[in-house]
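A quick write-up on the structure given underneath.
Quick note: the coordinates plus some simple rules give every number you see, no bench work behind them. None of these values were measured; they are calculated from a predicted model. Virtual Cβ from ideal backbone geometry, glycine too; neighbours counted across all protein chains shown.
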Amino acid sequence: MPSILITGTNRGIGLELVRQYLDEGWEVYATARKLQHATELQQLAEFYPTLHSYKLDVTHHEQRLALASQLKGIPLDILINNAGVYGQDDAFFGHTDEEKWLEALRINTIAPMKIMELFANNIALGEKKIIASMSSKMGSMDDNGSGGSYVYRSTKAALNAVMVSAAHDLKSSGISVVILHPGWVRTDMGGPNGEINVQQSAERLRSILASVTIENSGDFYDIDGSIIPW
Ligand SMILES: NC(=O)c1ccc[n+]([C@@H]2O[C@H](COP(=O)([O-])OP(=O)(O)OC[C@H]3O[C@@H](n4cnc5c(N)ncnc54)[C@H](OP(=O)(O)O)[C@@H]3O)[C@@H](O)[C@H]2O)c1
């Protein structure tokens, strides 16, 4: 049975990815920072014995270490760094907030790196050997036609840089490292005007991940499977 570890799974795209991978018969290791309030995840656990849920604030090093020790030696086919924040809604020129920016950097950029470092051994034991991070087109310089959003754009651009380095460093271990844009999705973050719903986003993300090989390592995927320029 293939297996996957996904962060930030109590709501939004993360929760829907959990649902769909469970439906497809995967063993799912799902994390949430407030596990006691993750009602929908708990409901899924009642129906799927293949769902294992854990408390994880992705910025909390002791919690990351504890999870790595709990999962030590377990093969994982895919890791998805999904947890993320917009960081500062009103990060326009002249109004950026340093503390909010640093917190977003911890969640969007540093945490995915620390999690990759801790779980690369599990991925190396898996068959598919894929590490993915949920980035955003807003982290692309090429796509930045409107400015603003300094906190979100810069922390996702930095995540892309982290992932490209990891793609180089992990290639000799046979691990593919890819970057995903989930589309503009109707979630708490994407808002009600998003172009697609979580079901559509998760379906397309799963289809992209199903086709990833080591030749694609370092690629930045749009939700339609095309490559996003940096
Ligand atoms: N929605 C879009 O249109 C869109 C577009 C491009 C990229 N993305 C990216 O896709 C990913 C998922 O987005 P979404 O739309 O599903 O967002 P969402 O509905 O706002 O959900 C964000 C998830 O991340 C979790 N999270 C935030 N900080 C965390 C932390 N420190 N530790 C653990 N979990 C944490 C949240 O948990 P809590 O409930 O505890 O806060 C929640 O589960 C994000 O990385 C986002 O940047 C989304």
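Cβ-Cβ distances below 7 Å connect the following pairs, each with a first residue in segment 126-143 that is under 19 Å from residue 157 (Cβ atoms), a second residue that is in a loop (DSSP other than H, G, I, E, B) and among the hydrophobic types (A, V, I, L, M, F, W, C), and a separation of six or more residues or different chains: 131/175; 137/228; 140/228; 140/230; 141/230; 142/230; 143/228.
Limited to segment 159-176, what total is found for residues that are away from the ligand (no atom under 13 Å from the Cβ) and either part of a helix (DSSP H, G or I) or over 30 Å from residue 126 (Cβ atoms) (or both)? Residues that pass the stated criteria total 12. Put simply, of 204, 186, 153 the only residue that is within 16 Å of the ligand (Cβ to nearest atom), surrounded by 20 or more Cβ atoms within 10 Å (Cβ to Cβ) and free of Cβ contacts under 8 Å to residues at least 24 places away in the same chain is 153.
When restricted to residues that are assigned to a helix (DSSP H, G or I) and either in contact with a helix residue (DSSP H, G or I) (Cβ under 6 Å, 6 or more places away or on another chain) or buried (at least 20 other Cβ atoms within 10 Å of the Cβ) (or both), segment 121-132 contains 3.
What do you reckon, is residue 93 part of a loop (DSSP other than H, G, I, E, B) and either buried (at least 19 other Cβ atoms within 10 Å of the Cβ) or out of contact with any strand residue (DSSP E or B) (no Cβ under 8 Å at 6 or more places or on another chain) (or both)?
Values: part of a loop (DSSP other than H, G, I, E, B): yes; either buried (at least 19 other Cβ atoms within 10 Å of the Cβ) or out of contact with any strand residue (DSSP E or B) (no Cβ under 8 Å at 6 or more places or on another chain) (or both): yes.
Yes; evaluated as a whole, the condition is true for this residue.
Highlighted here are the helices (runs of 4 or more DSSP H) found entirely within segment 1-79 that include at least 1 residues which are without any contact (Cβ under 8 Å) to a residue 60 or more places away in the chain, among the polar types (S, T, N, Q) and away from the ligand (no atom under 15 Å from the Cβ): 39-47, 61-70.
Return the residue satisfying two criteria in turn: it lies in segment 80-90 and is assigned to a loop (DSSP other than H, G, I, E, B), near the ligand (Cβ under 9 Å from one of its atoms) and not aliphatic (A, V, I, L, M), and of such residues it is surrounded by the most Cβ atoms within 10 Å (Cβ to Cβ). Per the criteria, the residue is 84.
Applying the selection to segment 112-140, what residues are closer than 23 Å to residue 223 by Cα, of a type in the set (A, V, I, L, M) and within 16 Å of the ligand (Cβ to nearest atom)? Of everything in segment 112-140, those that are closer than 23 Å to residue 223 by Cα, of a type in the set (A, V, I, L, M) and within 16 Å of the ligand (Cβ to nearest atom) turn out to be 113, 116, 131, 132, 134, 138.
Scanning segment 41-74 for residues being touching a helix residue (DSSP H, G or I) at 6+ places or on another chain (Cβ under 9 Å), more than 20 Å from residue 120 (Cβ to Cβ) and exposed (fewer than 14 other Cβ atoms within 10 Å of the Cβ) gives a total of 1.
What about residue 212, is it touching a residue at least 40 places away in the same chain (Cβ under 8 Å) and under 30 Å from residue 97 (Cβ atoms)? So residue 212 fails the test.
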